[in-house]
């Protein structure tokens, strides 16, 4: 497969995952703001911006509506949902011969939806409905892709993009929530505390899944265990890392070159970090540093993958 | 479903005008031409709104198959379907036979001309074609001098525009020897028409065209460099912003080859590679949809990022085939065009089967005076332009436009030619709920590898505006399916 095509598929997928994550975080944050007891709007907004990776220009201005509107619609701001959808579509347009027509149509529809006057009106009447329909559009795209696209190398680049983006986002989110998660053992549990923790789970669509595993008994160490170490839940770090590993292995298998040891070692290390540890060990050590390492490893894998499959130097390729 | 009474032919035709121009469907006295009778009877037998219903279902088919082009500007990313007409244009077997023989003859001669001009220049030494005409052509590429191209094929993919005159005779309006486009519309029109009028299609016995992508692929394969039995063939596109991008993705998909952009290619030691996730992969044949100027910044325009640096040297070394060859625009220059009948006689010793349109070269003093005095009756064209740009249609022009052209002609006579305003043929189109005649041309697609191959048919382009003579899709033209009958 052409490197440019792999690159476009990878970024198409990352941008959509990013749009979905932003939509979900905004939705949860706005709904938490309805219960002002725990923290004020400003604190919540700041926390959300931090968990989105602190994009510039999204600082709290005191005017929730206009800032939220910017986060949803600002074409020119790389953190906005519209920007991510535009970028995903532009990437898809350049590889139309690689994705299925059904996929293209779904993505195109989502793109036109974001640019329609209807979306603006919906923002004013019910932002939650708007965000839900954005997330629906992205889920539809993924579902249609799973059932119509050829599951060859291109498909694995799509999966790689999605799970790298997701692993990075979940790790960032957990880092931002560390005061709630890692330092609350002595504090008494209030209703507001409960709402905050449920909010965190909902940021990862994890509340119902959590309840299935642990019942509705929400405690911070269980949340840490669930979002980091669960092997079956699609937003948990361990699950994401497993998927990244499988995607990279499949990409290697479909080519004829051996992947560089660095890449194999990097993904192996990440896998071992999450697969061979317990929540007790993480919490008794330095959980923030642990999360930080995971994020760095994700960046490293992205870099290596790029250096090896997309932007390799001609000299290195000719030497083989 | 519809319940209206069947349309009478009279109602369908309404006040369908007939005049001196050739009508594809009706004779001068209003009678239907024999091969159009079945089509007309079918139309007349349909319930009143059935035709509209089929039109809508065909529209939908175009839209859902993604046969659209992107309109940029006001509303970024708006996609429209390529305008088309629902009624097929019919060509009889006898007519087609003549077209096919004529085009084969013409393309063979043009290819010999290119080979000659870029090697010995015999035709120039014999003063059959003036050498200043060749050397002053902006598409002449001196880099091609003395270069051996694979199998001596310069023009592997050609789209020649034909018109039908008052007499019913087909003539050649121009040869497109650089990067002719539109073939994807020919193929998709056919697919939609088969769904829209299945019974009619069956009863007519139409020659198939669906194997074009396969023919194109085998043409390209036959031009691969020596010693590359399993050549890697790619289609080089300028990218997503090109108006023909749909066609590029379509052809690449239909042929099962990679669609590459200039930035996917690198050259090393005069070998072209593409960057894949599996390392560099050697490229053997490039079906090029990028103009000469943009193909290699080292040789042609240095500011172009669409091509691949070093491509030309790899080509010169014979390590990669590029089709069409560079410099083929020389032979579709509108002034060189005037000499094609002479080339046919010179190289093949035959009379041209398909004639040219009468053409005045404005670099000739006498012709220029005649043209300047009759600007309001003639069509003036810039020689290196295409797509209907740089054109003055005398009878439809204003005095100011004519003055402007006169000034430009005086300043650079070599850059212009003039032709009489042609009454080219019209075919019935579905306009609203009745038939009206519109001007049409015909662009058959010719492939030249081991031998000349022409799929029977081509793209019939329609000037959809009443009275308009411009069929180019960039200027309000549409298309129709073309049925060549058994």
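The values are calculated or read from the model by the stated rules, or taken from the named source; none is laboratory data. What you see is a predicted model, and the numbers here were worked out from it, not measured in a lab. Neighbour counts run over all protein chains shown; Cβ positions are idealised from the backbone, glycine included.
Is it the case that residue B:372 is more than 30 Å from residue A:251 (Cβ to Cβ) and touching a strand residue (DSSP E or B) at 6+ places or on another chain (Cβ under 8 Å)? It is false that residue B:372 is more than 30 Å from residue A:251 (Cβ to Cβ) and touching a strand residue (DSSP E or B) at 6+ places or on another chain (Cβ under 8 Å). Kindly list the number of the only condition in (1) surrounded by 22 or more Cβ atoms within 10 Å (Cβ to Cβ); (2) more than 14 Å from chain A (Cβ to nearest Cβ); (3) within 20 Å of the chain's Cα centre (by Cα) that fails for residue B:210. Condition (1) is where residue B:210 drops out.
Residues of the stretch A:65-83 that are assigned to a loop (DSSP other than H, G, I, E, B) and either over 19 Å from the mean Cα position of the chain (by Cα) or surrounded by fewer than 21 Cβ atoms within 10 Å (Cβ to Cβ) (or both): A:74, A:75, A:76, A:77, A:78, A:79.
Only one entry in B:235, B:216, B:220 is within 12 Å of chain A (Cβ to nearest Cβ) and at pLDDT 90 or above, namely B:235. Scanning the stretch B:245-272 for residues that are closer than 28 Å to residue A:316 by Cα and within 8 Å of chain A (Cβ to nearest Cβ), we see that the one that is surrounded by the most Cβ atoms within 10 Å (Cβ to Cβ) is B:259. In the set (1) within 13 Å of chain B (Cβ to nearest Cβ); (2) within 18 Å of residue A:18 (Cα to Cα), residue A:102 fails one condition alone, (2). Scanning the stretch A:246-303 for residues that are surrounded by 13 or more Cβ atoms within 10 Å (Cβ to Cβ), away from every other protein chain (no Cβ under 14 Å) and in a loop (DSSP other than H, G, I, E, B) yields a single hit, A:277. When A:86, A:108 are checked against the criterion of being assigned by TED's automatic domain parsing to the domain that holds residue A:15, surrounded by 15 or more Cβ atoms within 10 Å (Cβ to Cβ) and in contact with a strand residue (DSSP E or B) (Cβ under 9 Å, 6 or more places away or on another chain), A:108 stands alone in meeting it. Exactly one residue out of B:301, B:275 is more than 14 Å from every other protein chain (Cβ to nearest Cβ) and either touching a helix residue (DSSP H, G or I) at 6+ places or on another chain (Cβ under 7 Å) or not in a loop (DSSP other than H, G, I, E, B) (or both): that is B:301. When the criteria are applied in full, residue A:18 fails the requirement of being part of a helix (DSSP H, G or I), within 14 Å of chain B (Cβ to nearest Cβ) and touching a residue at least 40 places away in the same chain (Cβ under 8 Å). Looking only at residues in the stretch A:284-299 that are free of Cβ contacts under 8 Å to residues at least 24 places away in the same chain and touching a helix residue (DSSP H, G or I) at 6+ places or on another chain (Cβ under 8 Å), the one that is farthest from residue A:160 (Cα to Cα) is A:290. For residue A:27, are the conditions met, namely being part of a helix (DSSP H, G or I) and more than 14 Å from chain B (Cβ to nearest Cβ)? The answer is yes for residue A:27.
Every condition in (1) modelled with pLDDT of 90 or more; (2) touching a helix residue (DSSP H, G or I) at 6+ places or on another chain (Cβ under 9 Å) is met by residue B:409 except one, and the failing one is (1).
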